[in-house]
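The values are calculated or read from the model by the stated rules, or taken from the named source; none is laboratory data. Only a predicted model underlies this, so the values are computations on that prediction, with no experimental measurement involved. The accessibility values were calculated without ligands, DNA or RNA, using every heavy atom of the protein model including side chains. Shrake-Rupley method; radii C 1.70, N 1.55, O 1.52, S 1.80 Å.
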Amino acid sequence: MATASSVYELADGTHGTVDMKRFAHTTVALHAFTPSITTLRLLAEGNDLPNKSISS
(Lines give C-alpha, C1' and ligand atoms only; values in the text may rest on other atoms or scores of the structure.)
Protein backbone atom coordinates (compact mmCIF):
# COMPACT_ATOMS: atom_id res chain seq x y z
CA MET A 1 0.00 0.00 0.00
CA ALA A 2 1.38 3.42 -0.91
CA THR A 3 2.00 5.99 1.80
CA ALA A 4 2.58 9.73 1.77
CA SER A 5 5.32 11.06 4.01
CA SER A 6 5.86 14.70 4.93
CA VAL A 7 8.20 16.48 7.35
CA TYR A 8 6.57 19.02 9.63
CA GLU A 9 7.97 21.55 12.09
CA LEU A 10 6.61 20.81 15.56
CA ALA A 11 5.70 23.34 18.26
CA ASP A 12 9.07 22.89 20.00
CA GLY A 13 10.98 23.70 16.79
CA THR A 14 12.01 20.12 16.03
CA HIS A 15 10.97 18.38 12.85
CA GLY A 16 8.97 15.18 12.60
CA THR A 17 7.68 12.85 9.92
CA VAL A 18 4.03 12.03 9.50
CA ASP A 19 3.08 8.96 7.51
CA MET A 20 -0.48 8.67 6.25
CA LYS A 21 -1.76 5.50 4.68
CA ARG A 22 -4.11 5.80 1.74
CA PHE A 23 -6.97 4.14 3.60
CA ALA A 24 -7.62 4.05 7.34
CA HIS A 25 -9.82 1.50 9.07
CA THR A 26 -11.00 2.29 12.57
CA THR A 27 -13.07 0.28 15.02
CA VAL A 28 -13.40 2.75 17.89
CA ALA A 29 -15.26 5.98 18.44
CA LEU A 30 -13.39 9.20 19.08
CA HIS A 31 -14.95 11.89 21.23
CA ALA A 32 -13.38 15.32 21.34
CA PHE A 33 -14.04 18.33 23.54
CA THR A 34 -13.75 21.66 21.80
CA PRO A 35 -14.10 24.71 24.04
CA SER A 36 -15.89 27.81 22.76
CA ILE A 37 -13.99 30.83 21.44
CA THR A 38 -15.01 32.71 24.60
CA THR A 39 -13.55 29.97 26.81
CA LEU A 40 -10.33 29.88 24.79
CA ARG A 41 -10.04 33.67 25.02
CA LEU A 42 -10.51 33.60 28.81
CA LEU A 43 -7.86 30.89 29.19
CA ALA A 44 -5.43 32.69 26.87
CA GLU A 45 -5.82 35.88 28.91
CA GLY A 46 -5.14 33.95 32.12
CA ASN A 47 -8.64 34.49 33.51
CA ASP A 48 -10.58 31.97 35.56
CA LEU A 49 -13.58 30.33 33.98
CA PRO A 50 -16.96 31.27 35.45
CA ASN A 51 -18.53 28.64 37.71
CA LYS A 52 -21.88 27.58 36.27
CA SER A 53 -23.98 24.74 37.57
CA ILE A 54 -24.95 22.06 35.09
CA SER A 55 -28.64 21.31 35.17
CA SER A 56 -29.98 18.03 33.86
- Matching residues, the stretch 11-26, being open to solvent by 100 Å² or more (accessible area, probe 1.4 Å), in a loop (DSSP other than H, G, I, E, B) and at pLDDT below 75: 11, 22, 23, 25, 26
- Item | Unmet requirement for residue 6, which otherwise passes all of (1) more than 16 Å from the chain's Cα centre (by Cα); (2) modelled with pLDDT of 75 or more; (3) open to solvent by less than 100 Å² (accessible area, probe 1.4 Å) | (2)
- Message: Return the residues of the stretch 33-48 that are more than 18 Å from the chain's Cα centre (by Cα) and either of a type in the set (Gly, Ala, Ser) or assigned to a loop (DSSP other than H, G, I, E, B) (or both); say none if nothing qualifies.
- Response: 45, 46, 47, 48
- Task: Being among the β-branched types (Val, Ile, Thr) and at pLDDT below 80 is the filter; apply it to the stretch 27-56 and report the residue that is least open to solvent (accessible area, probe 1.4 Å).
- Result: 28
